[in-house]
Structure formats: structure tokens, C-alpha cells
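Chemist: Below is one structure. I have some questions about it.
The values are calculated or read from the model by the stated rules, or taken from the named source; none is laboratory data. Values in this document were obtained by computation on a predicted structure and should not be read as measured data. Don't worry about glycine lacking a Cβ; one is built from the backbone with ideal geometry, like all the others, and counts go over all protein chains shown. For the accessible areas, the whole protein counts, side chains as well, though only heavy atoms, and no ligand, DNA or RNA atoms are used. Shrake-Rupley method; radii C 1.70, N 1.55, O 1.52, S 1.80 Å.
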Amino acid sequence: MFAAQPYRLTALRGLAALALGGLAGCAMDREADVRAQLDTWVELGATSYFQSTMECTAGVFATGSQYLSAPVQTVRSVRQGLLLMGHDIAVAFDVSGQTPTLVSEAVMTADLPKGLGVLSSGVAAKGCMDDTLTRSYLAALHSDQAMLIFDPASNVMAVLDRAGERIFYARGNI
């Protein structure tokens with residue numbers, strides 16, 4: 001009976017290692033799924049960055065187009081966007097002269113719960129970004145050549161950087 005115990009301990013240690021390894025591999029999103037979602041919005045090129053953990057997902061993808069397609073609805077005002085977001089429709093805010101940061105502030109001012117959804121997705125994703133990507137992401141957020149996109153159904157925020165011909169994907173677990 002004593003001879004069997006070391007085998008049980010070895011087996012238990014092996015199972016524990018597999019369980020912990022499985023948890024470490026858990027991610028909120030898979031790159032293929034993110035690409036599939038974004039590909040319905042914009043023509044995608046190569047992935048230049050992707051990281052997903054249990055808390056956040058961040059990705060950057062080249063775009064072959066500066067224009068969005070259905071199911072994203074492009075709006076020219078925050079008011080129009082809020083109406084569509086209320087129906088769980090993905091919205092691209094193409095508000096003349098407004099940066100994604102200014103648009104998100106306007107959304108928060110007009111409707112705090114919806115604004116917090118946008119903000120939490122964008123901020124939480126920074127936990128999945130390295131320093132270089134964070135700087136690029138912040139530059140896009142402050143560019144009037146970029147467009148803020150929010151999908152309330154999946155709690156995804158994206159920024160279409162038209163000048164940089166790329167799209168940033170951001171999602172948090174909040």
C-alpha cells in the first residue's frame with residue numbers, strides 16, 4: 001500500500017500541472033475569431049499584433065480599405081450613434097473634426113452607462129498592449145483621421161486609423 005502512494009502523488013501532480021497550464025492558456029478571444037468579426041467590418045490585411053488574456057484582448061490589423069461595411073453603421077453625430085447602440089447595433093462614429101477620444105467623451109456626457117461601456121473596453125485592452133502599441137493606440141485615439149467603432153453586443157471597441165491604414169481592436173472583461 002505504501003508503494004502505491006508515490007504513483008498517486010505523481011499522478012496528482014501531473015493533473016495539477018495540466019490544470020494550471022490550461023488556465024494559463026485561457027484567453028478571452030482567439031485571433032481567428034477577432035479577425036472573423038473585423039473582416040465583416042473592414043477589409044483586413046496582416047495581423048501586426050495580437051494578445052488576449054482572461055482580462056483583455058488587444059489587436060492591430062492592417063486594412064485594405066478606409067471604409068466600413070455592414071453590419072457597422074456609420075453615423076455623423078453622437079446622437080445618431082447612441083440611438084443605434086441602444087439597439088445593440090455596432091456603430092462607427094465619423095464625426096467631422098472629432099477624434100475618437102472626443103467622441104467617447106461626448107458619448108459619456110450624453111449617456112453615462114453607454115459611455116462607460118466604450119471607455120472600459122478601450123482602457124482594459126491597454127493591459128494587453130506593450131509600450132510601443134500603447135503609444136500607437138493613444139496616437140490613433142487623438143487623431144481626427146481615426147474613427148471610433150463600438151459594438152455594444154460584444155463590448156468591442158475598435159479604432160480605424162485611416163491615415164495608418166490599420167484597425168485597433170480593444171476588449172475588456174468589464
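Chemist: Can you go through 57, 63, 74 and tell me which one is under 15 Å from the mean Cα position of the chain (by Cα) and surrounded by 15 or more Cβ atoms within 10 Å (Cβ to Cβ)?
Modeler: Answer to the check: 57.
Chemist: Return a yes/no flag: does region 86-96 have any residue that is surrounded by fewer than 18 Cβ atoms within 10 Å (Cβ to Cβ), in contact with a Pro (Cβ under 6 Å, 6 or more places away or on another chain) and not basic (Lys, Arg).
Modeler: Step one: list which residues in region 86-96 are surrounded by fewer than 18 Cβ atoms within 10 Å (Cβ to Cβ), which gives 86-89, 96.
From what's left, in contact with a Pro (Cβ under 6 Å, 6 or more places away or on another chain): 88.
Applying the additional criterion that residues be not basic (Lys, Arg) yields 88.
Checking region 86-96: at least one residue is surrounded by fewer than 18 Cβ atoms within 10 Å (Cβ to Cβ), in contact with a Pro (Cβ under 6 Å, 6 or more places away or on another chain) and not basic (Lys, Arg).
Chemist: Within region 144-158, work out how many residues are in contact with a Lys or Arg (Cβ under 9 Å, 6 or more places away or on another chain), farther than 10 Å from residue 91 by Cα and open to solvent by 30 Å² or more (accessible area, probe 1.4 Å).
Modeler: Of the residues in that region, 3 qualify.
Chemist: Just to check your reading of the model, which residue among 125, 106 is surrounded by 22 or more Cβ atoms within 10 Å (Cβ to Cβ) and of a type outside the set (Val, Ile, Thr)?
Modeler: On the way: 106 fails: surrounded by 22 or more Cβ atoms within 10 Å (Cβ to Cβ).
The unique qualifying residue is 125.
Chemist: Return yes or no: is residue 158 farther than 20 Å from residue 86 by Cβ and either part of a helix (DSSP H, G or I) or touching a helix residue (DSSP H, G or I) at 6+ places or on another chain (Cβ under 8 Å) (or both)?
Modeler: Numbers: farther than 20 Å from residue 86 by Cβ: no; either part of a helix (DSSP H, G or I) or touching a helix residue (DSSP H, G or I) at 6+ places or on another chain (Cβ under 8 Å) (or both): yes.
It is false that residue 158 is farther than 20 Å from residue 86 by Cβ and either part of a helix (DSSP H, G or I) or touching a helix residue (DSSP H, G or I) at 6+ places or on another chain (Cβ under 8 Å) (or both).
Chemist: For region 130-137, check the following and say yes or no: at least one residue is of a type in the set (Lys, Arg), touching a strand residue (DSSP E or B) at 6+ places or on another chain (Cβ under 8 Å) and open to solvent by 10 Å² or more (accessible area, probe 1.4 Å). Quick ask: steps written out before the conclusion?
Modeler: The first filter runs over region 130-137 and keeps only residues of a type in the set (Lys, Arg), leaving 135.
Imposing the further condition that a residue be touching a strand residue (DSSP E or B) at 6+ places or on another chain (Cβ under 8 Å) reduces the set to none.
Within region 130-137 (the criterion being of a type in the set (Lys, Arg), touching a strand residue (DSSP E or B) at 6+ places or on another chain (Cβ under 8 Å) and open to solvent by 10 Å² or more (accessible area, probe 1.4 Å)), the answer is no, since none of the residues qualifies.
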